[in-house]
1. Looking at the range 71-126, which of its residues are among the polar types (S, T, N, Q) and under 19 Å from residue 269 (Cβ atoms)?
2. Enumerate the pairs (first residue in the range 254-271 and more than 15 Å from residue 129 (Cα to Cα); second residue anywhere and outside any helix (DSSP H, G or I) and more than 12 Å from ligand 1 (Cβ to nearest atom)) with beta-carbon separation below 7 Å, excluding pairs fewer than 6 apart on the same chain, so at least 6 apart or on different chains.
3. Pick from 54, 85, 35, 9: which is more than 17 Å from residue 205 (Cα to Cα), of a type outside the set (D, E, K, R) and either at pLDDT 95 or above or in contact with a helix residue (DSSP H, G or I) (Cβ under 8 Å, 6 or more places away or on another chain) (or both)?
4. Taking the conditions exactly as written (within 16 Å of ligand 2 (Cβ to nearest atom), closer than 14 Å to residue 96 by Cβ and open to solvent by less than 60 Å² (accessible area, probe 1.4 Å)), does residue 287 satisfy them or not?
5. Out of 2, 24, report the one residue that is modelled with pLDDT under 95 and in a loop (DSSP other than H, G, I, E, B).
6. Specify the residue that is surrounded by the fewest Cβ atoms within 10 Å (Cβ to Cβ); the eligible residues are those in the range 153-176 that are assigned to a helix (DSSP H, G or I) and within 11 Å of ligand 1 (Cβ to nearest atom).
7. Quick check, is residue 194 touching a helix residue (DSSP H, G or I) at 6+ places or on another chain (Cβ under 8 Å) and part of a loop (DSSP other than H, G, I, E, B)?
8. Failed condition for residue 198, given (1) within 16 Å of ligand 1 (Cβ to nearest atom); (2) closer than 22 Å to residue 41 by Cα; (3) surrounded by fewer than 24 Cβ atoms within 10 Å (Cβ to Cβ), with all others met?
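The values are calculated or read from the model by the stated rules, or taken from the named source; none is laboratory data. Note that the structure is predicted; figures quoted are calculated from it, not measured. Using ideal geometry, Cβ is built from the backbone for each residue, glycine included, and neighbour counts are taken over all protein chains shown. Surface accessibility is based on the protein's heavy atoms, side chains included, excluding ligands, DNA and RNA. Shrake-Rupley method; radii C 1.70, N 1.55, O 1.52, S 1.80 Å.
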Amino acid sequence: MTHLPKPRGPLGVAVLSALVDVPTREVPRIDLAPGSSEDAALTLWVLHELSYGGFAEVDDRAEREPELMRVRRRLEDDLEASLRGRWPGVPDAVDLETGFFDWVASHDGPSLARHVQTEATEEQVLDLLRLRSVYHLKEADPTTWVIPRLPVAAKAALVELQYDEYGVGDPSRLHAGLFARGMEASGLRPEPGAYVDEAPVEILEQNNALSMFGLHRRLRGAAVGHLAAFEATSSLPSRRMAQGLERLGFPAAMAGYYTEHVEADAVHEQVALRDICVALVAEEPMLERDVWFGAWACLDLENRTAARLLTSWGVAA
Ligand SMILES: [Fe+2]
Ligand SMILES: [Fe+2]
């Protein structure tokens, strides 16, 4: 089971200490501002996690504590405001159905997969796998929240896509499980959350945005837009990751997670765009704006993560 990570500032200290006291002591009012973006991101990650697997040290009733919900709401509002503040807006004269993939391709930022393919060291790849595990060990879960919020055609398509992510009925094929086995074979810890303490703010924000989009009906357009951009930037990078892992002699189980995604995500990107995003916008045209916003957020947050990691490894981003 997941253990609580270390707080990164005064807000995290207050929230984490209140969490472990639920339900024996009432959660006090917490009006502290986060001490830094790290403090905000880690605290929000912890609060979201209460709605996934929870923590060994925390009673499940903490999920609906009003004061903790109030803190979560404040942190989510700040995250959403900062993303919307950076967003350049809906692209001019790009048709969602016919122009989306070209639009994604035109956002080519620094690529971690390209670095792994050709020149990353084993240490750098281990670093990357530890940080990616924050998401991959609960792969697809944040998007599952969206299912009941979609009209029927988009809902059917999303369930079909998630069925793949969850192993087509075979528990040994869940993508999260494939990643866990790859980590174990690579000498890494496969328990969810094991490496959250190492995660830079960019990784936490990627995960937080995904959970925020998934957990709010209001943001369902952004959630499916994010999904489409995520799937559209997965197939080719997955091939590069697999090649890099093979180049460095990583176990077949780790490379296998990525080869699984080469073909799967070439299909998923089509389903996510045409059968989910376009189908949703056909029913609810006012959501198109947020579909673009979510797609942009996915690309922007990944670019920030890539720049951060490449810089930390001394590679020009
Ligand atoms: Fe997957
Ligand atoms: Fe996928």
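1. Of everything in the range 71-126, those that are among the polar types (S, T, N, Q) and under 19 Å from residue 269 (Cβ atoms) turn out to be 98, 106, 111.
2. none
3. Only one candidate qualifies: 54.
4. no
5. Selected residue: 2, the only one of 2, 24 that is modelled with pLDDT under 95 and in a loop (DSSP other than H, G, I, E, B).
6. 173
7. Against the criterion (touching a helix residue (DSSP H, G or I) at 6+ places or on another chain (Cβ under 8 Å) and part of a loop (DSSP other than H, G, I, E, B)), residue 194 qualifies.
8. Only one criterion is unmet by residue 198, namely (1).
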